[in-house]
Structures are given as structure tokens and as C-alpha cells.
Amino acid sequence: AAPCNKEIRELFMKNIIEAKGIARAKTIIKDVIMPTPSAVLEAARLLAGGWGNDAGFGELIVLDPGGATTDVHSIARGNPARPDIIMVGLPEPYEKRTVEGDLGLKYNIERLIELVKDRETMPHFDTIVKKFREGKIPETREEFACHLLLSRLMVDVAMDRHAGRIEVVYSPTGERLIQHGKDLTSVKSIIGTGGPIIFSRNPRQVLEGALYRETSPFTLKPKNPIFYIDEQYILYAVGLLSQVEPKKALLLAKKYLKQI
């Protein structure tokens, strides 16, 4: 997966980012430039593994909902939790990122309304949330409630897609458990970044959308993690800094990540 990701990054830099003036910037700073999602993944890698004698957090997940997409980064092996569970499919990468292009709080409002249609919502919900597409910032109690509901929904659905799942199959020898994807139930740290989390009135409630649910026992989401938020919006900077000063980058992240 890593070589493929490298090629995608190069295409992204050449055909998209350069249109925003990055090519000119590179001639000035002559240093590390990378797309924000790649920088966040670099930060997640550093935070999980630590550097030298400075311990990291261990296996972790970074959730990054935004206006157009919701990104999920997991730094975890995701092996089956029990010896009787059989892993199938292609090997899952230790460092995995998924980008959900239909989960955005500005450009995908219609899709979010569709996803929430079977849930209980407040009066005038559709009218309120459609204003978010125009860049409306929540101000009233009802607007904050709608914003929180959609932010949590984005995290919930994105983690459902990112995490592995267990399937029960039946054979002549009896029932067997098959695992597809990564088992993230034992991941102990979840870090939230992105506007819908950082600027939420209740960021913990948003992040709790990523948790394992008894009603969906075969979806392998984290069961008992500690939550942190990137309150100062520095994870992308930590990822960039890690390329040249990993020790300082790690200390910076530990200083400013806030446990909630």
C-alpha cells in the first residue's frame, strides 16, 4: 500500500496542489511540502510509535471530519482478538487511512440528511442544516444541536466503514468466525481534529460516535479509549515537523493535545 500511496501523493501534488501556488512556494522554502491528510498521518505515526526514549501513545486512531470529507487514520495491527477467529482478505496495513468523500458538513449535507432520516430529529431540521452548506456557523440552541448530531453521525459512519467486522459462517464442521479488516476494539487512544470536533460545544459526544456498540457487536470499533482533541489545530504541523525534527514534533503534540 505504501508505494501506491506515494504515487497518489505525487499525482495529487502535481495536478491539484500546484494549482494553488505550491509550485512557486517550493522554490522559496525548498523544504518539506505535503498534503494535509498525509501530514496528519505522519503525525499519527509519530504519536503512536514515539521517538527514541520518548514513548508514544501506542496504537491509536485519528478522526478528522470536515466540510467535504471525513478522514480516519488508524495506526494499529488489528489482528483477531481470539485464536478461533480467522482473518480473510488482503492484509491490512498497520498505518491505514480512509477518506469518506460523502461525509462532509458543508458539501455533502444532502447525503447526511439522507443518512439521518430514520433518526429522531428536532423540528425544522432540514431547513437548519441546509444553511451549513452556505457556510452558516451555529448560533442558536437548535443549530448547535443539529451540528452536533451531524458531526457525530459523520464520525459514526466513517468509523463503521474503517473498522473491521466479524462474520459468522456455517460449515460442515460447525460455526466459524471470519474477520474482515482490522479489529480496533482494543485501541486505547482516539484523537479528534477538524472543525466539527475542535469547535463543537461537546467534542467528546462527537467522538463517542466512534465507539463500539452492543447493538452492532460484529463491527470492531474501539471499546474503551481515552479521547484527545487537537484543540490548537497543530497535527498537520506536527506531521511536517516530524520530517526534520521528530523529537520536537512529538513533544509539541504531547504538550498541546487535550484529554477530554
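The values are calculated or read from the model by the stated rules, or taken from the named source; none is laboratory data. Everything numeric here is computed off the predicted structure, so don't read it as measured data. FYI the Cβ positions are ideal-geometry reconstructions off the backbone, even for glycines, and counts take in every protein chain you see. Note: accessible area is taken over every heavy atom of the protein model, side chains too, but ligands, DNA and RNA are not part of it. Shrake-Rupley method; radii C 1.70, N 1.55, O 1.52, S 1.80 Å.
The lone criterion from (1) of a type in the set (A, V, I, L, M, F, W, C); (2) touching an Asp or Glu at 6+ places or on another chain (Cβ under 9 Å); (3) modelled with pLDDT of 95 or more left unmet by Val169 is number (3). Total residues in the stretch 78-94 satisfying the condition of being open to solvent by less than 90 Å² (accessible area, probe 1.4 Å) and either within 17 Å of Arg152 (Cα to Cα) or touching a residue at least 60 places away in the same chain (Cβ under 8 Å) (or both): the figure is 11.
Can you name the residue in the stretch 106-129 that is part of a helix (DSSP H, G or I), over 24 Å from the mean Cα position of the chain (by Cα) and not β-branched (Val, Ile, Thr) and, of all such residues, is surrounded by the fewest Cβ atoms within 10 Å (Cβ to Cβ)? In this case the residue turns out to be Asp126.
Within the stretch 94-104, one or more residues are out of contact with any Asp or Glu (no Cβ under 8 Å at 6 or more places or on another chain) and not in a loop (DSSP other than H, G, I, E, B). Return yes when Gly101 is touching a residue at least 24 places away in the same chain (Cβ under 8 Å), out of contact with any Cys (no Cβ under 8 Å at 6 or more places or on another chain), within 17 Å of Gly66 (Cα to Cα) and open to solvent by less than 70 Å² (accessible area, probe 1.4 Å) and no when it is not. Yes.
So which residues in the stretch 173-200 are more than 22 Å from Gly49 (Cα to Cα), open to solvent by 10 Å² or more (accessible area, probe 1.4 Å) and more than 15 Å from the chain's Cα centre (by Cα)? Answer for the stretch 173-200, where residues must be more than 22 Å from Gly49 (Cα to Cα), open to solvent by 10 Å² or more (accessible area, probe 1.4 Å) and more than 15 Å from the chain's Cα centre (by Cα): Thr173, Gly174, Glu175, Arg176, Leu177, Ile178, His180, Phe199, Ser200. The criterion of being closer than 25 Å to Arg45 by Cβ, among the hydroxyl-bearing types (Ser, Thr, Tyr), at pLDDT 95 or above and open to solvent by less than 40 Å² (accessible area, probe 1.4 Å) does not hold for Ser151. Scanning the stretch 133-143 for residues that are within 13 Å of Ser200 (Cβ to Cβ) and open to solvent by less than 50 Å² (accessible area, probe 1.4 Å) returns Pro138, Glu143. The residue that is nearest to Met159 (Cα to Cα), counting only those in the stretch 212-256 that are among the aliphatic types (A, V, I, L, M) and out of contact with any helix residue (DSSP H, G or I) (no Cβ under 8 Å at 6 or more places or on another chain), is Leu220.
The requirement of being closer than 19 Å to His162 by Cβ and in contact with a Gly (Cβ under 6 Å, 6 or more places away or on another chain) is fulfilled nowhere in the stretch 112-134; no residue meets it. Pairing each residue of the stretch 52-70 that is touching a residue at least 24 places away in the same chain (Cβ under 8 Å) and surrounded by fewer than 19 Cβ atoms within 10 Å (Cβ to Cβ) with any residue that is hydrophobic (A, V, I, L, M, F, W, C) and assigned to a loop (DSSP other than H, G, I, E, B), provided the two are 6+ apart or on different chains, yields C-beta distances under 8 Å for Gly67/Leu105. Residue-level analysis places Val244 outside the set of residues that are in contact with an Asp or Glu (Cβ under 6 Å, 6 or more places away or on another chain) and part of a loop (DSSP other than H, G, I, E, B).
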